[in-house]
Ligand code: X8Z
Ligand code: ZN
């Protein structure tokens, strides 16, 4: 089953894996060989009839399994009981067995020599991006390692600030995130930051090192230099890394302007004991545990606080909105574009409010049950603007499912996680492009929720600034997470933490608030690292979001600043959307971008994002004109914070301002632990 959103993924337990491996077809290596130029493990069968037969059987069985896994996952997510969990796990076991058997059968074909391009593409999808080539015990081992690292991440609890006896150390990630968003006490923030990073990374470090070793072994068997190269292979484009790095280079000036303005406002808030006027920013004061997006410090840094605010929650409540009305309004947005209504089953089975009688997982998500009938949203909707945006976002995923329903299973979604990386980027790109059209002065005015002057300059700058805290601030983080992983897979595990902070300081201008060493593994404080989930797809999705939005706005005949565009009621925009959604992943992503841009480009690019934020960019340049430096200057103190060879003593002697004060405050804790 396919589920997009913020839901949990359900790992198989260790016991399960043992069962799976027991069933695993040991004919795996029959006829398999590594072909250097085509890289992937493949066999010798080039019979088209055999391949078609195999793919037909695969399609039927994969859809059936997808439906049964989806049904039990849905039951569990909307009614958390032990019984439902057990049923879900049983179905997942069967799916895991099926996945392995599929891989075993797929590699008996020499897909590179099968004459039909569609069949070739299908077979290639079935053999790429998974570790099926490992011998059983190694496959088992890496699976366990990932599941143990995920367990450490999920079960980490930390002690609150000013709790010297270390009692009540029960803060979980949700509580921690809330403190990072809401606290304005830099010492409390540094404490929580340190607690989380100290309790996630170090216990995982050895496991992570072994994981790197086995992942690389699997990729080598598959014909790649290392696991990073295999991760990039999924993008089906040898020039992918260059294209992406070029897009990032283009975004950097905008990021640096935003960074510089935010630093000045943070300096006003916290003073020079916390913020150095020309330096990088410490990771703990940006309203997010990973400093990946900064929207939660809007109250400190957003300009023109008295300009009209786009948050129309109060107005929605005044007008008596309900969750059902929010869903109907979203549906009307899509039908106004000429897209599909939600099917009967959607209204019948979706969970659009938090039930009062049972425990559920509340994170919003959109579900495809793979039977071309059943599509649902799970959302504990509250009457507020952010939930209205989420409703449109999730419904855009359902539209995607509805449009590519006619494609074979593999073009709707891949049988293994590697394969749907780009699908995720397009899914998220489209859903967020729709969100841009809804969370927008023009649209909210048109639907009667925003009753202020939409052309007011300050209102527009304020709006763009708040969005930039989310989107522009996120770009370098989304870009660097996998750069780090590529580096580790390529160069080994000797300086992992200092490599991480070098990238953080280089691309984000972020330093740790307290001393770090090679005992730490701060990248592992982000879920996607222990969970083995690729991250570059989010960077691609970010760029695509704006590229798709601009293309839709052009089709809708929009003129004027891009951020004021609303595609509501544009059949032309709807046509582009349905054309690209229909394709699913049956074509190379470059063909989809070509279609989107009416043949003008086949590249992922930052141009649309820059265009969108251009008025803010101009405004920021004026605001920053008296700054000594736009961006950040690093010095030895910054590097000393994370370079393991530098002793804590040395570091303290040289460090200044914020860093020193935080270190001094935290040193007893550092030493005692
Ligand atoms: O991991 C997620 C989603 C699941 S795909 C919760 N996201 C990234 C993150 O949290 O870092 C969504 C945005 C980026
Ligand atoms: Zn989404």
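Please say if the stretch 311-447 is rounded, prolate or oblate, where rounded means a/c under 1.5 for a ≥ b ≥ c the square roots of the C-alpha gyration tensor eigenvalues, and otherwise the choice is prolate for a/b larger than b/c and oblate otherwise? Working shown, then result.
Numbers: a/c = 1.86, a/b = 1.44, b/c = 1.30.
Verdict is prolate for the stretch 311-447.
Please list 172-179, 193-200 highest first by mean number of surrounding beta-carbon atoms within 10 Å per residue.
Details: 172-179: 14.9, 193-200: 23.2.
Highest mean packing first, the order is 193-200, 172-179.
Once both labels are positioned 7 Å from their Cα atoms along Cα-to-Cβ, the gap between residue 241 and residue 168 label points is 5.0 nm. Restricting attention to the chain, close to 75% of DSSP beta bridges with both partner residues there are antiparallel.
Rounded to the nearest 0.05, what FRET efficiency do residue 446 and residue 611 have when you use their Cβ-Cβ distance and R0 = 35 Å?
Values: r = 22 Å, r/R0 = 0.64.
FRET efficiency, residue 446 to residue 611: 0.95.
Protection proxy ranking for 551-557, 473-479, using the average of other Cβ atoms within 10 Å per residue and placing the highest first: 473-479, 551-557.
Kindly state, to the nearest 0.05, the FRET efficiency for residue 455 paired with residue 600, given R0 = 35 Å and r defined as their beta-carbon distance. Could the numbers behind the result be given before it?
Numbers: r = 30 Å, r/R0 = 0.86.
Computed FRET efficiency for residue 455 and residue 600 comes out at 0.70.
Over the chain, what is the mean sequence separation of C-alpha contacts under 8 Å (at least six apart), divided by residue count, expressed as relative contact order in percent? List each step's numbers first, then the result.
Working: 1014 pairs, mean separation 129.0, N = 673.
Relative contact order, the chain: 19 percent.
Sorted on the mean count of surrounding Cβ atoms within 10 Å across their residues, most packed first, peptides 376-385, 284-293, 391-400 read 391-400, 284-293, 376-385.
Which of the three applies to the stretch 489-594, rounded, prolate or oblate, going by the alpha-carbon gyration tensor with a ≥ b ≥ c and a/c under 1.5 meaning rounded? Prolate, because a/c is 1.5 or more and a/b exceeds b/c.
With a ≥ b ≥ c the root eigenvalues of the C-alpha gyration tensor of the stretch 141-284, is it rounded (a/c under 1.5), prolate (a/b larger than b/c) or oblate? Display every interim value, and only then the final one.
Values: a/c = 3.30, a/b = 1.25, b/c = 2.65.
Note, shape of the stretch 141-284 comes out oblate.
Placing one equal scatterer on every Cα of the stretch 46-128 and applying the Debye formula, the log10 ratio I(q)/I(0) at q = 0.16, 0.17, 0.23, 0.26 Å⁻¹ is -0.65, -0.70, -0.99, -1.16. Centre-to-centre separation between the Cα atoms of the stretch 552-567 and those of the stretch 114-175: 41 Å. Rounded to the nearest 500, the helix-only mean residue ellipticity at 222 nm of the chain stands at -18500 deg cm²/dmol, with each DSSP H run of n ≥ 4 adding -39,500 (n - 2.57).
Every number in this text was worked out from the coordinates using simple rules, so none of it is lab data. Here the structure is a predicted model, which is why all the values come from computation and not from measurement. Here the Cβ is made from the backbone with ideal geometry for all residues, glycine too, and neighbour counts use every protein chain on show.
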